[in-house]
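Single-structure report; data block below.
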Amino acid sequence: MKGLAKIGSKPVAIVTLIISCLVVAAGFTWLQQSFSGQGQGQQNLEQQQIATMIHKSISSRIDLLSQQMASVATSPDLARLIMSGDSEAISAKQTLFASLFPSAQKVCLFSADVDQPDENACLPITFASLNSLRLAKENGSAPMALMQAGKDNAHLLLAHRIMDSAEQVAGVLVVALNPDVVKNLLIKEYGGNGYVELRQGVKKTSVVAKQGNGQWKQGAAIFDKKIANSHWRISYWSAKSAESSSLFMMILGAMLGVMVVMWLLREFWQSTLLKRDVAILQQQIGDIKENKSKSQYPLSNTKLQELTSDLRALAIDMVAPPLGSPLKENIKPKPQPEPMLQAEEPEAEMEQKVPTQPDPIIPPTDVQIEPALAPAVEEVIIEESSELTFAETSASLDVVEPVPEPQPVVDEAPLEFNILEPTPVPKAESKPEVEPKKPEPANVAVDAPLELKVAEPEIQEEATLELNIGEPLSLELPSLQDEQSDDVDPSIFKAYDIRGIVGQTLNENTVRKIGQAIGSEAKEQGQTRLVIGHDGRHSSPSLTTALIEGILASGCDAVDIGMVPTPVLYFACHHLGTHSGVMVTGSHNPADYNGLKITLNEKSLAGDELQALYQRIEQDNLSTGQGKKNNANVIDDYIAKIVGDIKVPRSVKLVIDSG
């Protein structure tokens, strides 16, 4: 189905070629007829003049024969001869009259009383001949007609009446001429290039003579007229211009030949372009494998050009790391608290702060580590002075209680530790928290370093680390509370976007919750992938990070396209096929403002749709999951699209996207 639907497929291309040839032929025929119409009309007029000339020539020959018959029929004493009935004298007269008609086969004198067919008469009298005799007696002469056409005894019959002195019909003079006389009427007089027929009869006609090329006998004759004093009609068909038709066929053939050659060249050119496009696609696939994909792979075929965009989007999904992957650039380490050791009996024992040496895999303590990414076990190597022995040190230091694992902390502020000063208290009362005095470092010697493995402590408001040196050491952590409010202010949900003052009505926690609500709504609409972009405000990067975290928490994926103008965000939604996206921007508002412009399923959210997001948050109607984050750069594709769509009359040096 797809192959036949494309113009490049051979079956459809052949059909297209045939239809094109027919259209060209029809158009050229119409054009040729339009230009030659006037000339053809002039030619038809000339042909009609030729036909009229032929008609007049034949009519004049018939009139001449009729006049000759009339002069002979009015000879003196001819009526008295017929009425005498002298057969010898009549026969001699017939022979004399025959010499007056060179083409005569027979000349006969019939009495007026002859009115029946007679095969034995001077000239065999048939019903057709008898009809001519009757017409001659009534009208003076009979119309000329070819008798017994196509037979051996065929003849041209001429008949004229003979009158006596009393103006009564005494008889009829009949002359039978050779049938070649009829043919000579056309041959001697015809000089045209058309086709002419001499036809006999009224209802049932027969051709008694013809001349010219019978191929021109097409359709109705341009000239058709009866010849007086005969049973004949002259019909004429004009000759078409052979030179014009031949030229037309030559030009038409040449045009069709050019079209065939053009089609073959088109097939060759398309094959060449297709090979080039395939080579470029193979190059793109190779670049993707080597992780050096380019922004553009120009192809001649628009369908294949869309394929390059799909391959590029697929490469982004395959190569870009998801949000939260344990790579160095995605890790934000956080320092671990360094426990302080305090002796139980200050007057007898010396206190020493235990130095820690980080494991080579763990980042240095001056780098902040997220609590969720902190290692489970930390090795703390305590090196004492050379004055203490290994036995003395192992006897004086005994860890009696492991510190619990830390709980996740939302606030990323560094942890603070308060070292509590030991004071004697009753067993039923809690110890007062007093700042301890710094002990003087003891000059202790050891034979070998002491390695002490301590489980990672659970971060609580108060933790106690006891050592068997005397009185237990108390390690207290301050209460960790989020400085930002979790409440979402309904006033930030405007008519066409979400907008508020950063640090007052809009903060990272708020945007995080809104991001989870947006992801929840997107999933209900069948959208699982959103494009995220932001403007150049100082608060936009941190709000974008919170927004992406909220979207990922809803189970949707996020494609971060970085700092871009708002139109690029909408372009990316279409270009990357997500159909949904969120732009972090404060638009035209002052610098302390920021907000979100939301598009879901190719529709910008506004009014009640934005209020529905607020209701989701209030009702805790939020979906959960774990999406993944990818990065994409669509700036080059956006510029290429704009440049390809807009044609300017002259080159420009600077183009500004107003956003």
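Some observations on this one:
- Among the residues of region 330-342, not a single one is at pLDDT 80 or above, outside any helix (DSSP H, G or I) and within 26 Å of Asn631 (Cα to Cα).
The rows are residues; the columns are (1) among the hydroxyl-bearing types (Ser, Thr, Tyr); (2) without any contact (Cβ under 8 Å) to a residue 12 or more places away in the chain; (3) in contact with a strand residue (DSSP E or B) (Cβ under 6 Å, 6 or more places away or on another chain).
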site: Met259; (1), (2), (3): no, no, no
site: Gln284; (1), (2), (3): no, no, no
site: Asp287; (1), (2), (3): no, yes, no
site: Ser293; (1), (2), (3): yes, no, no
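- Any hit, region 521-539, residues being within 18 Å of Leu613 (Cβ to Cβ), out of contact with any helix residue (DSSP H, G or I) (no Cβ under 9 Å at 6 or more places or on another chain) and part of a loop (DSSP other than H, G, I, E, B): yes
- A single entry from Thr624, Thr585 fulfils the requirement of being farther than 20 Å from Asp486 by Cβ, touching a Gly at 6+ places or on another chain (Cβ under 8 Å) and either among the hydroxyl-bearing types (Ser, Thr, Tyr) or free of Cβ contacts under 8 Å to residues at least 24 places away in the same chain (or both): Thr585.
- Yes/no for Ser295 being touching a helix residue (DSSP H, G or I) at 6+ places or on another chain (Cβ under 7 Å), surrounded by fewer than 16 Cβ atoms within 10 Å (Cβ to Cβ), modelled with pLDDT under 75 and within 20 Å of Asp645 (Cβ to Cβ): yes
- Qualifying residue in region 14-31 (condition: at pLDDT below 70 and loosely packed, with under 10 Cβ neighbours inside 10 Å): no
- You will find that of Thr545, Thr599, Thr578, the residue that is assigned to a helix (DSSP H, G or I), in the same structural domain as Tyr614 (by TED's automatic domain parsing) and not aliphatic (A, V, I, L, M) is Thr545 and no other.
- Out of Val114, Val72, sole residue that is part of a helix (DSSP H, G or I), in contact (Cβ under 8 Å) with a residue 40 or more places away in the chain and under 25 Å from Asp164 (Cα atoms): Val72
- Qualifying position, being at negative phi and surrounded by 13 or more Cβ atoms within 10 Å (Cβ to Cβ), among Ser554, Ser587, Ser651: Ser554
- Strands (runs of 3 or more DSSP E) wholly inside region 130-232 that include at least 1 residues being in contact with a Leu (Cβ under 8 Å, 6 or more places away or on another chain) and of a type in the set (Gly, Ala, Ser): 145-147, 155-163, 169-177, 206-212
The values are calculated or read from the model by the stated rules, or taken from the named source; none is laboratory data. Note that the structure is a prediction, hence the values are computed from the model and not measured. Neighbour counts run over all protein chains shown; Cβ positions are idealised from the backbone, glycine included.
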